[in-house]
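Down below is the structure, laid out as structure tokens.
The values are calculated or read from the model by the stated rules, or taken from the named source; none is laboratory data. For clarity, every value in this text was computed on a predicted model and none was experimentally measured. Here the Cβ positions follow ideal geometry from the backbone for every residue, glycine too, while neighbour counts run over all protein chains shown.
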Amino acid sequence: MGRWEDEDCGTVTVKEFCRYAAAVDDVDYLRRARAREAAGEPVEAPPLFLAATMSWEDGPAEEELRPDGLAARESPCTQGLPVRLVHGGQSVRLTRAPLAGTRVTASRALVSAERKHGRSGDFVLLGLTTRYTSPDGTELTAVDETVVVLDVLRKGATT
Amino acid sequence: MNSPAAVGDVCPPRRYTHSRVQLFRFGAVSWNSHRIHYDAEFAASEGFSDVVVQSTLHGQTLTRYALEWAGSDACLESVSWRNVATAVAGEPLTWSATVRTVAPCDSGVRVTLDVSVLRDVGAPCVTGHVDLTCRAARTSP
């Protein structure tokens, strides 16, 4: 709890921005971004590009994924445990849009863990904070999110 | 936004669905390999009728429609949301928003929207708010 870990997100590119935009059918962004690139102008990332990316690791081989398909890095504090993880929600603050060509660092920490009791049983609510910064330390985006940890036998919870 | 926003204004709703292909592509670009988002058999084993819409895709949709409503010179300041129920591929969804606050700021006007994603039965699956800044006294985009 409270231990910050840095992850190198690499140098973000117009290609990554445009693939993200294509996946959400934002063709207007695609046109604008490629036009700016062609004109030699800076290209900003889609607003939630950093916040939506689950991991910046290369990722493990398939045999090392959990049965639900997640990598260990994406199941904080629960590695090896027979639990289900669902996303409770997210709060994203945008300070400065990252530009293509910027090297980005993500610093993440577990900031809270609470045992809760709901209608269908006990669960644990994890709070995670991630801060994305540029090489000069400028904050680009900050994300607070909650992850709900459920017993494997429970079905039909939120996303 | 056809005129300067006022508290209580209701934004025109947007109806949409997320296809299985979109969920797969969004999972790929966001490096989210949770099987619940692309493996219908696995999703069924978890009690869902189809593959599940990613939480971050809901956030993306909340934001995008808010920005489209506000016009091309609007800028996203923050967005937050809470998942209250699951939505699946092919399910009719509706983006709904109401202006909660309007306040002057250095760059113009700061507008906060209360936003929801509603399922076809009208119950929300996501609730939250979006903060935008818009140039003052702007009109239709």
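Things to note:
- Search result, residues across the range A:138-159 that are in contact with a His (Cβ under 9 Å, 6 or more places away or on another chain) and either at pLDDT 95 or above or assigned to a loop (DSSP other than H, G, I, E, B) (or both): A:T158, A:T159
- Of all the listed residues (B:G108, B:G90, B:G71), the sole one being out of contact with any Leu (no Cβ under 6 Å at 6 or more places or on another chain), in contact (Cβ under 8 Å) with a residue 12 or more places away in the chain, within 21 Å of B:R20 (Cα to Cα) and more than 11 Å from chain A (Cβ to nearest Cβ) is B:G90.
- Taken over the range A:22-35, the criterion of being surrounded by fewer than 17 Cβ atoms within 10 Å (Cβ to Cβ), facing chain B (nearest Cβ under 10 Å) and among the hydrophobic types (A, V, I, L, M, F, W, C) is satisfied by A:A22 alone.
- Residue check, B:V79 modelled with pLDDT of 95 or more and within 13 Å of another protein chain (Cβ to nearest Cβ): yes
- Filter pass, A:R19 being among the charged types (D, E, K, R), more than 8 Å from chain B (Cβ to nearest Cβ) and outside any strand (DSSP E or B): no
- Test for A:L50: is it of a type in the set (A, V, I, L, M), in a helix (DSSP H, G or I) and either touching a residue at least 24 places away in the same chain (Cβ under 8 Å) or within 19 Å of A:R108 (Cα to Cα) (or both): yes
- Checked against (1) more than 13 Å from chain A (Cβ to nearest Cβ); (2) more than 14 Å from the chain's Cα centre (by Cα); (3) of a type outside the set (S, T, N, Q), B:D50 passes all but a single condition, namely (1).
- When A:A38 is tested against (1) among the small types (G, A, S); (2) closer than 26 Å to B:V130 by Cα; (3) free of Cβ contacts under 8 Å to residues at least 24 places away in the same chain; (4) surrounded by fewer than 17 Cβ atoms within 10 Å (Cβ to Cβ), just one condition goes unmet, and that condition is (2).
- Residue ranges of strands (runs of 3 or more DSSP E) in the range A:63-137 with at least 2 members out of contact with any helix residue (DSSP H, G or I) (no Cβ under 9 Å at 6 or more places or on another chain) and buried (at least 19 other Cβ atoms within 10 Å of the Cβ): A:83-94, A:121-133
- Annotation: B:T94 fulfils all but one of (1) buried (at least 18 other Cβ atoms within 10 Å of the Cβ); (2) over 28 Å from A:R131 (Cα atoms); the unmet one is (1).
- When the range A:58-107 is filtered for residues that are among the hydrophobic types (A, V, I, L, M, F, W, C) and farther than 27 Å from B:N83 by Cα, the ones remaining, listed by number, are A:A61, A:L99, A:A100, A:V104.
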